[in-house]
Every structure is written in structure tokens, then in C-alpha cells.
């Protein structure tokens, strides 16, 4: 019955003319239809997932699923999410990933502030993907824009009578995005895959991603100042910040080593720490060379 | 007819739908979606095309295609990512509705871009782009803001700001 009613609505919307007022009304109808459809889809998902574990609809609580009986009735969108943990959703559904975004503004800000601490290492409040992803994206935007701005300044210095407009190099954005996204996402995954039976054996991928993502966060304010420094100033500041964040990163990993108490692998630990530090500083240097 | 009888007939109709062929309701659903979406996304598509053409026409010759494609990707991918971000943070929006709103809110920036073609002076362009940026951001903030839980508001709104900032920068620098 709901299918028929939705069909009727769509017919009425397509038959309405190009009148602006009509578009407004039909938009509202479409919004309502969308919401209705979403609720329907969610109920359908709920049914599908129940049928995976059960052979027939059962109104008594099942031991293995641990779901409450009240879930069998269709529920509005908000309560649905509170009853089910994100892990119950399949990997390809969006709701599965909401567990990585279960974070508040306060947590993100604290994570950023804590991400530079060479003495104690990075102490993250909560593991999330929001921070790493948006820090990387912001860095890309900043590097792309300020990098072009820097080349403009350089071209101004070269020919003093340059009346030209800034030559915008879009490649900067593409290079920046590939470098940064791989550093934040692909590199930790590779690192995690090859982590060997060392003290890092119990680290989870998401912790590494989070760690590497937040370690980039102090490059953000740095980038704001870079175009306005002299050449040596740029090098000094980039190296300082990279070294500090690199140290914090290494310190965090070493802390885990102490917790694991793996004393007979000192050499391996040192090598791994060195690699992490060098790659991190390498990133800073690469940013300086390519963009500024 | 009593309500019970009506309900019985309705559920029978539903069963018939499901029984006849599994594909039937799905294709109907998809067709319905396409009809609704196709109409709604024309606006943002036109906005995006205009913007891409404007920005790529002023580019260096070897980068025209790259910028055209790049702007396209930034707008659609950016709108999608911002929407997904809002959804993951627990916002109660529908995906296409949000993408649609973000696309339509680009319109002030399109006006700025058009104005920037005619007035090449740097200060005038900055003013135009700034006005367009503020206008677009406020427009979409008004839509998304009420749908996000309070403690995550900044987290959901910051990407919107970033999205419009990127596009404004592209317009300004061109």
C-alpha cells in the first residue's frame, strides 16, 4: 500500500509544471517521501538481518542475538540507532562506520592539542576517523591554496614588473591529496600489515590511522605562516615541527613497547622507531620542497 | 469496507508484488527514485557545469581539462563527503536531499564567479567571492545545523565551511 501511495505522489510531482511554487511544494513532498522511504529501508534492513540468524519470525527473545523484543516492531529512525550497536550492521552499510565517528567536538580538540608532546607521547582521548580525515583534507586545501600563493610571490620577486595574475597550478591539489591521504590511511595500513611479531602486535589498525592522522595536525597552523617566511625560516620551522611531532609519534609507540615488556627486541624497536621518524620528517620535507 | 478488510486487501496486494517477481518492486523503486532524483539534481548539476566551465576557461592551456574535471570532482565528491560526514555523526538527513541543498547553495558562488569574469581587479574580486562565500555558507548552515546533535555541531559544520572555502578560493585565484 505504501508502494502505491508513493507512486501516486511521484506522478503528481512529475505532472506539475515548471512553476516555482509548484517546485517548492513538490520538493516538500519528495522530502517526505524520502524520509518515508528511509524508514522503510531501515525496517527492511532490520528484517533481513533478523532473518539471517533466525529461521522464522520469533517473538520471544533469542539467546544468540541478544536483541530486545521491542525491536521487532518498526521504530523511528533515532531509536533504531540507539538499540543496535554499529557492529551489528554489515561492513558495506554506512551505519557500520558510525562507530568511528562517535566523537564530540571537545574530544577532537583535545586530541589535536595532545598530538604534540615529545615527552609523554601522543595521548589520544578517543579513537576516531573524523580527525585524521578532516585534518588531512584541511591540509590539502591549505597546501593547495598557499602553495599556489607562494609560487605567485616567488614569481613576483623574480620579475618585479609582473602585472600578471596568479598562475594557478591545479596539480598542487592533486599531488597534495595523494601524498596526504596515503600518509594518513594507506601507510598505517601497510605498517600494520607488516608490523611483525613485535611489540606492536596488539595494535589495531584504527589506532595507527588515528595516530598518524593527528600527528599531522600541527602542520596546519604552520602552513598558514609558511608563505610569509624567508627560505631559511621555512626550512627551520618545517623541520622543527616535523621533528617534534615525529618524536611524539615515536614516543607513543615506545610507550606501547614498554607496556608489552619486550626487552629482547631492542634493536628491532629502534629500527622501527627510526623508520617512523624518518618517514614523518620526510613528509614535512616533501611538503616544503614540492609546495613551498 | 472496514479497516480490517482494507488492510487485508492491501497486504494481499503487497504479497502479490513480492510473489510475482523479486525484481519488480526493486525496479519500480529505482524508477521512482530516478524520477525524483533526476529532477532534483538538475539544479546542482547545472550549477556545477557552469562553475567548471568558468573556472576551466581561465586556466592555463595545459590544465583546462584537469581543472574542469577537478572542479566537477571537488563539487560532487565534496558534497558527498560532507553529507556522509553529517550522517556518520548522527545527523538525520537523507543523502540526496543534503547533496541537493549543498549543490543549490553553490549558486551565490556561481554569481560571484560570473562577476569575477567581468571585474578583474583583485579587491573587487575578493569582495565578490567573500560575499558569495558567506551567503552560500549561511544558506547551507541553516539547513544542516538543526539536524545535528548539539555536541557535534561544529564537527558537522566545519566540513561545509571547508567545502565552500575551497570553491571560493578556486574562483578567487582563477
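Values quoted throughout were computed directly from the atomic coordinates according to the rules given, and no laboratory measurement underlies them. Predicted model, so just to flag it, every value in this text is computed and none were measured. No Cβ is skipped: glycine too gets one built from the backbone with ideal geometry, and neighbour counts run over all protein chains shown.
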Where the centre of each part is set by its Cα atoms, how far does region B:78-95 sit from region A:127-146, in angstrom?
17 Å
Shielding by partners, peptide B:142-154 (average Cβ within 10 angstrom, other chains)
2
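Given the Cα atoms of region B:39-173, and with Rh set as the inverse mean 1/r over their pairs in the Kirkwood sense, what is Rg to Rh to two decimals? Present the calculation step by step, with values, prior to reporting the outcome.
Numbers: Rg = 14.9 Å, Rh = 15.1 Å.
Ratio of gyration radius to Kirkwood radius: 0.99.
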Per-residue Cβ counts within 10 Å, from other chains only, averaged over B:87-96: what number is that?
5
